[in-house]
Amino acid sequence: MTEIKLPKGAAAILDVLEARGHQAYVVGGCVRDSLLSLEPKDWDVCTSAVPQEIESYFKEERIIPTGLRHGTVTLLLDDGPYEVTTFRKDGAYSDNRRPDSVSFVADIREDLARRDFTINAMAYHPKEGLIDPFGGEKDLQKRLLTCVGHADTRFNEDALRIMRALRFASVYGFQISEETAAAIDKNYPLLRKIAAERIYAELRQTLLGSGVLKVLLAFSAVFTAVIPELAPCAGFPEKSGGRTHTLYDRAARGVAAYPGDDPAVKLALLLHDVGKPLCRSGDHAQKSRELAEQAADRLRLDHETKAAMLELILYHEDDVEPSVKSVRQWLARIGYRQLLRLTDFRIADSLAYGTESNSEIAKQKTIRQIADQIIAQGLCFSLKDLAISGRDLLARGWTEGKEIGRALQEVLDLVIEGSLPNERKALLAHLEKQKRRRRL
């Protein structure tokens, strides 16, 4: 019999509910991940007890009425939160997202029948073992993603399941079954009814998955639907690395080539060429940035990710020389973290189809090493690193704020170039000399 080790809190919940005469199981993602030998992010419990009963049985614990209408309460136990939900079946889904109504049922199998994919439609009890009426364990073994019941029905009930399917395929490296894939291709226009932030939450995890390339290439229609700015790239051919491909294909390969988990880099790799089909000249970075900002606003990206992504796109074709002077200039312009992101971007983009990827990778690694040396040596590359500040100039009779700003920037540029030492006496002497010349 399949065995899953339950955390203390989950085991206690099952024991209490069972002692009161109810059925109770851990269910869904925690069962799936346990069978995959992964650490579950959370543990959910499904039971024949209704919310009022659950609350009365655990009145000594902290309880959050998470979704009483849908039969869910959250118990805050010593080892974490546990969602406990009554067995239910769903009514109609008029908005293609949530059921209009739910009704409580007595059988765990009826509850599992309403779930999205077979790998998520399994329950477990230490005494009964695995409850798997739809073959989820076999699908896990085959690494196959299949809808419970009819795929069209599942996606019409909740269109966000389309994005969840792509996320699972990418994160777990699963193949999507033919029926489920056909239903995705048929029903993806329903995603227009889904809140943008929900779509982005799934998209973000999809882009970070190890199987993202296969998913991006197989379901380009879905991605260009949720990000229309990408659509022209899917039909725009380009030659690189001795072969012809579309801009979309190259973007997909770039996303897959970046092994990190920074969504700003992933999104920049996906969107950096969206302006190219609209530009006759080779300089498309500004247009790509404008279109990417449009997409970011629609998807409601957080400010930090959006700003970092847009800056990467704006500078993605600018050259950073592997020299101390050039790297200091770029550190002054975009900062250390963003410069590292830019090197990550360049490496992944060159790996997509680059003809000289080895030399480009070596160049970017050198840039990173120089940046690390500059930081370690405390070399000046920003106004805060200067040996003087605006207060020093105010104390010497400088009054105009703009004039002080220009003066500090002037000496910073000279320090970065190596023409002026970052020493208080030398900086002030230079500025006093320049001020006297302007008076003359």
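The values are calculated or read from the model by the stated rules, or taken from the named source; none is laboratory data. Bear in mind the structure is a predicted one, so any value in this text is a computation, not a measurement. FYI the Cβ positions are ideal-geometry reconstructions off the backbone, even for glycines, and counts take in every protein chain you see. These accessible areas exclude ligands, DNA and RNA; they are computed on the full protein's heavy atoms, side chains included. Shrake-Rupley method; radii C 1.70, N 1.55, O 1.52, S 1.80 Å.
For the stretch 171-189, the candidate set comprises residues that are under 16 Å from GLY29 (Cβ atoms) and without any contact (Cβ under 8 Å) to a residue 60 or more places away in the chain; within that set, the residue that is surrounded by the fewest Cβ atoms within 10 Å (Cβ to Cβ) is VAL171. Checking LYS363 against (1) without any contact (Cβ under 8 Å) to a residue 24 or more places away in the chain; (2) open to solvent by 30 Å² or more (accessible area, probe 1.4 Å); (3) out of contact with any Leu (no Cβ under 6 Å at 6 or more places or on another chain), which test does it fail? Unmet condition: (1).
Pairing each residue of the stretch 129-152 that is touching a residue at least 40 places away in the same chain (Cβ under 8 Å) and within 16 Å of ILE4 (Cα to Cα) with any residue that is part of a helix (DSSP H, G or I) and open to solvent by less than 40 Å² (accessible area, probe 1.4 Å), provided the two are 6+ apart or on different chains, yields C-beta distances under 6 Å for ILE131/ILE108; GLY136/THR118; GLY136/ILE119; LEU140/ILE119.
Yes or no: ASP372 charged (D, E, K, R), open to solvent by 30 Å² or more (accessible area, probe 1.4 Å) and part of a helix (DSSP H, G or I)? Taking the combined requirement at face value, the residue satisfies it. Just one of the listed residues (TYR258, TYR315) is within 19 Å of the chain's Cα centre (by Cα) and either of a type in the set (Phe, Trp, Tyr) or surrounded by fewer than 22 Cβ atoms within 10 Å (Cβ to Cβ) (or both), namely TYR258. Once the stretch 422-439 is narrowed to residues that are without any contact (Cβ under 8 Å) to a residue 24 or more places away in the chain and open to solvent by 60 Å² or more (accessible area, probe 1.4 Å), the residue that is nearest to ILE370 (Cα to Cα) is LYS425. Within the stretch 81-104, the set of residues being open to solvent by 40 Å² or more (accessible area, probe 1.4 Å) and either among the aliphatic types (A, V, I, L, M) or within 17 Å of VAL27 (Cβ to Cβ) (or both) comprises PRO81, GLU83, LYS89, ALA92, PHE104.
Within the stretch 386-409, the set of residues being open to solvent by 50 Å² or more (accessible area, probe 1.4 Å), touching a residue at least 24 places away in the same chain (Cβ under 8 Å) and part of a helix (DSSP H, G or I) comprises GLN409 only. Candidates THR305, THR244: the one that is over 20 Å from GLY209 (Cα atoms) and surrounded by fewer than 22 Cβ atoms within 10 Å (Cβ to Cβ) is THR244.
Filter the stretch 57-80 for residues that are open to solvent by 60 Å² or more (accessible area, probe 1.4 Å) and either part of a helix (DSSP H, G or I) or hydrophobic (A, V, I, L, M, F, W, C) (or both); which is farthest from TYR93 (Cα to Cα)? Residue satisfying both the conditions and the ranking: ILE64.
Of note, GLU290 does not satisfy the criterion of being of a type in the set (Asp, Glu), part of a helix (DSSP H, G or I) and buried (at least 19 other Cβ atoms within 10 Å of the Cβ). Consider LEU269 against the criteria (1) assigned to a helix (DSSP H, G or I); (2) open to solvent by less than 40 Å² (accessible area, probe 1.4 Å); (3) over 29 Å from ILE375 (Cα atoms); (4) not aromatic (Phe, Trp, Tyr): it satisfies all of them except one. Which criterion is unmet? Of everything listed in (1) assigned to a helix (DSSP H, G or I); (2) open to solvent by less than 40 Å² (accessible area, probe 1.4 Å); (3) over 29 Å from ILE375 (Cα atoms); (4) not aromatic (Phe, Trp, Tyr), LEU269 misses just condition (3). Look at LEU340 and say whether it is crowded, with 22+ Cβ neighbours inside 10 Å and assigned to a helix (DSSP H, G or I). Considered against the rule, which asks whether it is crowded, with 22+ Cβ neighbours inside 10 Å and assigned to a helix (DSSP H, G or I), LEU340 comes out as no.
If you go through the stretch 142-156 one residue at a time, do you hit one that is surrounded by fewer than 17 Cβ atoms within 10 Å (Cβ to Cβ), in a loop (DSSP other than H, G, I, E, B) and touching an Asp or Glu at 6+ places or on another chain (Cβ under 6 Å)? Among the residues of the stretch 142-156, not one is surrounded by fewer than 17 Cβ atoms within 10 Å (Cβ to Cβ), in a loop (DSSP other than H, G, I, E, B) and touching an Asp or Glu at 6+ places or on another chain (Cβ under 6 Å), which makes the answer no.
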